[in-house]
Amino acid sequence: MNKKIPAKYIPHILTFLLIALKGWAGLMASRAPWRIYFGDVGQWVDAGDRMLAGQVPYRDFFGLYGPLLYAWSALCYRLAGANWFAALLTLEVVSPVLCLLLIHYTAARAFKDISFQCLFIVAAAWIGLDHFFWSPALRVWVPLAALLFAQQALLRPAPVARLAAAGLLLGAAPLISPETGIAALAAGAVLAACRCRLPGPRGREVAVFCAASLAPAVLLGALEPGVVGGYARMVTGLARIQNWSGGMYFPSLSPLSTESAVFYGPPVFVIAAFFALVPRSAGRAGGSSFAEDAGDLSLAAFSCVLVRTMLGCTDYSHLLFALPPATLLWLRLFARLPRLPKAAAAALAGLGLAPFIVKSTVAGYTLPLCARQRYGLLGASLAPWPGEGIATSAEIVSRAQAAASEIKELSPAGEDVLSLPLPFYAHAGGRLSALPFPYPDTLLGLDDGPARSIARLESRKVALLLMDPALLPAPSAREFADPLSGRLSWVSAADEAVTRELRAYLRSRFELKTRINGMAFYGRRARPLPPPRERVVYRCPSKGALDPERESVFAVPGVRCAELRIKARCSYPPLLSMLAKTVLTVVVRFDAGAPDVVEILPIPPERLGRDIRISFAPARVRSISVRAAGPGGLNPPPRALAVDSIDLVSYKGR
């Protein structure tokens, strides 16, 4: 006898199947990674090692995510074995499975209709809304699920305990992620304002909600003094220089292309939805219609802030970060369409998601394609990595084992080593790296920038420095020949301006001891080298204001130098400087050999020229050309470019 499955169970079955598929695919990836994500997994390995050694984020080391996210990751890291497999398992299995459970909860809270619940769950799997391998997607889904819980507590009759729980959950969001935390606070403020418009007693309920939202930060500050203040300094510093505060980057795309729909569609939609919902929520308070309008308005506020914070990162994997609330809002508005069958409304809403389905399929972010990639690992030829619980390429295993052996020989047990450009080899040698990944206070210039990292290294008297250019993306021949001459970071290829002081410190305090398979091991000098003496050998005559769109050439009388210093300023149309970014292209032409072309993208634009220095091998320079332009698309180009000075500098004793 055939029995139909009740419709109410279909979302549960669908979620269970997706969890099984994602869990299996993630487990395969955790046991046999098809490539090692040094930068992505490395930060969670590093943070886990530090927290297990007793260090506390934002008191003993800085990062880019919230302290609660680091604590959760460290807990999973410890329970799973405190090795590379543990970090991979957290990112590939534990985090996605929890995200799928939160997706299921969000769908059940947001939609009464089964078809919309299933559509949202499938969209989350097919579009790849849980595919944030570079950091756990929990930092999106936890605040979003908390917002849905808060909507039920604030806009419907609810006991005080539920209001307090809603405040606690939303208040914890900023301690998970700065971007989604700001979005959650904005949405919570909208909900509190809407609650104040409801009839009946409301002052006490709103006060309980607001007080509870402050409790997580207050409690963390009491338990770990200095953590909240350090985290706040990181967030404000990051806001000054990251895309989400210092200027947005819009890709240059054809208006009628699928790419345009993908990148411009979400911000246009959520902004339009927000302004459309404001007058509806400002109408007569009370009733289910007001609760739905107020809930959608809070979701639109969450979406607007999150799209704004992430719009500067224009690759698709970063855009996925901002899509969950926008997707949820899109489906919620279609679910509320009057006089339209729910199945038809769901079909129309699904058509609107088509560009993202196409893009995700092409990019390989869909769950079925991801599983297929993982399944192909079963027949791959991989070498076991003892102690790390995984199998990977034999080259990586041999390099890590060689580095670990040398670290144990050259560095006493319990002492930190400085492992660059990543703490990968420090972990392999059973040590902590003297600079955490990705040492953002150095790379991003937060607070004192390199000075803070230099002081940390000097106070700990770090005795061993290991530098492996092979871990850099596309390392140059110069970086292989002299590892301290090029990038010191895996994060950015244009970090010269903020790591120059660190490089000078390392050259002064460390000397090369040995090289193994391209890895350079440096020991601490008995006496630091004196800093090289510098001299400005030529200063190009200033030309004042220049046309930013045209190449301006500065002639040089063939002087020999090793560094170029430029001070330049850009001006932009009124009120548009926050949307501007400027690519400064500098071409240095020598007596012999190919010219040296450098493109610099200053962030934010008003800091153009604050500290631009271009180093090269000593040579005679014949001319220098400078050109400034916007990246295109919706980015406003600079209105004027002024080059205050161009100095050519030589060094003695370098």
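The values are calculated or read from the model by the stated rules, or taken from the named source; none is laboratory data. What you see is a predicted model, and the numbers here were worked out from it, not measured in a lab. For neighbour counting, all protein chains shown are included, and Cβ atoms are generated from backbone atoms with ideal geometry for every residue, glycine included. With ligands, DNA and RNA removed, areas are computed over all heavy atoms of the protein, side chains included. Shrake-Rupley method; radii C 1.70, N 1.55, O 1.52, S 1.80 Å.
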With all protein chains present, calculate the accessible area of Arg162 using a 1.4 Å probe and round the result to the nearest 10 Å².
100
Can you put Phe302, Phe480 in order of accessible area, largest first, using a 1.4 Å probe?
Phe480, Phe302
Counting alpha carbon pairs within less than 8 Å and at least 6 residues apart, what relative contact order, in whole percent, applies to region 99-167?
32
Given pairs Lys359/Lys567; Lys408/Lys652; Lys513/Lys567; Lys4/Lys359; Lys461/Lys652; Lys513/Lys652 and cut-off 31 Å on Cα-Cα distance, the over-length ones are Lys359/Lys567; Lys408/Lys652; Lys513/Lys567; Lys4/Lys359
Pair Ser476, Arg202: separation of 7 Å Cα→Cβ label points (nm)
6.2
For Val160 and Ala343, compute 0.36 nm times the residue count separating them, minus their Cα-Cα distance, and round to one decimal in nm.
62.1 nm
